């Protein structure tokens with residue numbers, strides 16, 4: 001059976017699953033993304049001394065993620081990709097956010113001044129993807145399956161590193177790498193794999209939830225699950241521009257550059273989603289979904305700035321959930337948006353999820369993040385790879401993974417360059433894009449994606 005046959009999907013893009021399977025699938029997407037949404041506020045608040053505002057930052061991040069995800073799935077007025085594209089706080093902005101915060105702090109600014117600057121810069125930078133989305137049709141030569149697949153592979157590899165860290169016990173854990181942590185993560189992972197391959201579709205739909213529940217049960221019995229009392233407000237209501245607005249053009253350039261990088265990253269995520277949803281990855285429909293998806297990214301960042309949340313982007317890990325569950329219905333995206341908004345409204349839910357042991361989360365996310373990498377490989381190999389393609393992949397992977405493995409490689413460059421090229425996705429993605437533009441093509445040597453797809457559909 002071809003990998004492209006729609007029988008792999010339980011629910012296609014426009015199918016309408018019943019409420020229960022839709023809810024179960026949405027819950028798995030939320031579980032897969034929740035740590036990613038919550039972690040950036042945790043890092044920023046810890047580094048910049050904003051602990052007093054942490055519950056608010058987490059709640060608003062969840063609400064904005066829910067609103068952005070709803071936009072992506074519903075696609076009102078062409079805003080959104082019309083697929084399950086979960087929006088969440090972006091790790092790519094952490095470096096520039098911290099740099100801006102420390103600059104304000106060095107000038108004598110307090111927590112509220114720091115946040116006014118961060119959200120002011122976020123608001124202006126949010127209009128970059130809005131503008132770029134209008135010109136995506138003219139950027140087809142840049143946004144090719146080869147470039148998108150390369151970026152997605154690098155995203156998957158970067159995410160796997162996060163999973164392994166959690167599996168070992170979490171960043172800075174005193175018992176990092178302890179056999180108990182490794183066994184707990186392994187059993188969680190094996191449970192998810194077994195359920196995801198079960199013949200019963202209900203077990204498949206609930207694979208991640210069941211795996212995490214089983215892992216938490218084991219953690220509780222082994223003494224690794226410690227529930228902390230909830231001491232924050234029970235309800236969090238959004239307040240527009242709570243901390244005011246500030247702007248500094250000298251701090252804006254890094255924000256602008258990261259926004260452009262996030263667009264490239266989002267293109268890879270959206271392309272993978274199209275592939276998993278059995279939609280074209282070339283042509284007018286594809287470009288239309290990219291345009292709507294990037295526009296929704298910008299709209300989510302505008303909402304984030306207005307309601308005191310960190311910059312938002314399309315999450316890659318949720319493509320892994322689509323692949324595992326076989327559910328691509330965009331109606332599930334509406335459920336995800338509602339659940340995230342609900343979690344934001346009642347902070348106790350987010351606090352409860354935070355207490356899931358790191359090894360359990362590591363084991364659960366590893367298979368999903370690995371699926372992101374696999375989706376990138378599938379995109380790159382839609383058509384036979386030429387010598388030119390292999391060269392682009394080799395150099396892009398070499399630079400991206402090299403920078404990721406040895407961060408000191410850029411230590412002598414100005415901070416703006418370190419922030420811009422300090423990740424595998426940024427350095428490798430830019431390299432792939434530039435090489436794809438500069439290296440002469442081998443048109444006769446490489447059949448089109450459509451031709452390859454037609455070959456795959458031919459009877460055997």
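The values are calculated or read from the model by the stated rules, or taken from the named source; none is laboratory data. Quick caveat: nothing in here was measured; it's all calculated off a predicted structure. In this analysis, Cβ positions are derived from the backbone assuming ideal geometry, glycine residues included, and neighbour counts consider all displayed protein chains.
Please verify whether residue 244 is modelled with pLDDT of 80 or more, in contact with a helix residue (DSSP H, G or I) (Cβ under 7 Å, 6 or more places away or on another chain) and more than 30 Å from residue 355 (Cα to Cα), treating the condition exactly as stated. It would help to see each step written out before you state the result.
Details: modelled with pLDDT of 80 or more: yes; in contact with a helix residue (DSSP H, G or I) (Cβ under 7 Å, 6 or more places away or on another chain): yes; more than 30 Å from residue 355 (Cα to Cα): yes.
Spelling it out, residue 244 is indeed modelled with pLDDT of 80 or more, in contact with a helix residue (DSSP H, G or I) (Cβ under 7 Å, 6 or more places away or on another chain) and more than 30 Å from residue 355 (Cα to Cα).
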Unmet criterion (only one of (1) surrounded by fewer than 24 Cβ atoms within 10 Å (Cβ to Cβ); (2) in contact with a helix residue (DSSP H, G or I) (Cβ under 6 Å, 6 or more places away or on another chain)) for residue 74: (2)
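Looking at 375, 364, 304 in this structure, which one is in contact with a strand residue (DSSP E or B) (Cβ under 9 Å, 6 or more places away or on another chain) and crowded, with 21+ Cβ neighbours inside 10 Å?
Working: 375 fails: in contact with a strand residue (DSSP E or B) (Cβ under 9 Å, 6 or more places away or on another chain); 364 fails: in contact with a strand residue (DSSP E or B) (Cβ under 9 Å, 6 or more places away or on another chain).
Only one candidate passes the filter, namely 304.
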Residue satisfying condition, being touching a helix residue (DSSP H, G or I) at 6+ places or on another chain (Cβ under 7 Å), within 30 Å of residue 289 (Cα to Cα), buried (at least 19 other Cβ atoms within 10 Å of the Cβ) and modelled with pLDDT under 75, within set 206, 156, 149, 137: 206
Members of the range 165-186 found to be assigned to a loop (DSSP other than H, G, I, E, B), in contact with a helix residue (DSSP H, G or I) (Cβ under 6 Å, 6 or more places away or on another chain) and surrounded by 14 or more Cβ atoms within 10 Å (Cβ to Cβ), listed by number: 169, 170, 176
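Against the definition (touching a strand residue (DSSP E or B) at 6+ places or on another chain (Cβ under 8 Å), at pLDDT below 85 and either part of a helix (DSSP H, G or I) or farther than 12 Å from residue 299 by Cβ (or both)), how does residue 92 come out, yes or no?
Details: touching a strand residue (DSSP E or B) at 6+ places or on another chain (Cβ under 8 Å): yes; at pLDDT below 85: yes; either part of a helix (DSSP H, G or I) or farther than 12 Å from residue 299 by Cβ (or both): yes.
Yes, satisfied.
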Residue within the range 318-337 that is buried (at least 24 other Cβ atoms within 10 Å of the Cβ) and in contact with a strand residue (DSSP E or B) (Cβ under 6 Å, 6 or more places away or on another chain) present: yes
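Is it the case that some residue within the range 344-352 is farther than 30 Å from residue 377 by Cα, at pLDDT 90 or above, in a helix (DSSP H, G or I) and more than 18 Å from the chain's Cα centre (by Cα)?
Narrowing the range 344-352 to residues farther than 30 Å from residue 377 by Cα: 344-352.
Narrowing the set further to residues that are at pLDDT 90 or above leaves none.
Within the range 344-352 (the criterion being farther than 30 Å from residue 377 by Cα, at pLDDT 90 or above, in a helix (DSSP H, G or I) and more than 18 Å from the chain's Cα centre (by Cα)), the answer is no, since none of the residues qualifies.
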The range 339-363 residues that are closer than 16 Å to residue 65 by Cα, paired with ones that are part of a helix (DSSP H, G or I) and at pLDDT below 75 (beta carbon under 6 Å, 6 or more apart): 343/349; 343/350
Leading residue by the ranking (nearest to residue 338 (Cα to Cα)) among those in the range 18-50 that are touching a helix residue (DSSP H, G or I) at 6+ places or on another chain (Cβ under 9 Å) and not in a helix (DSSP H, G or I): 50
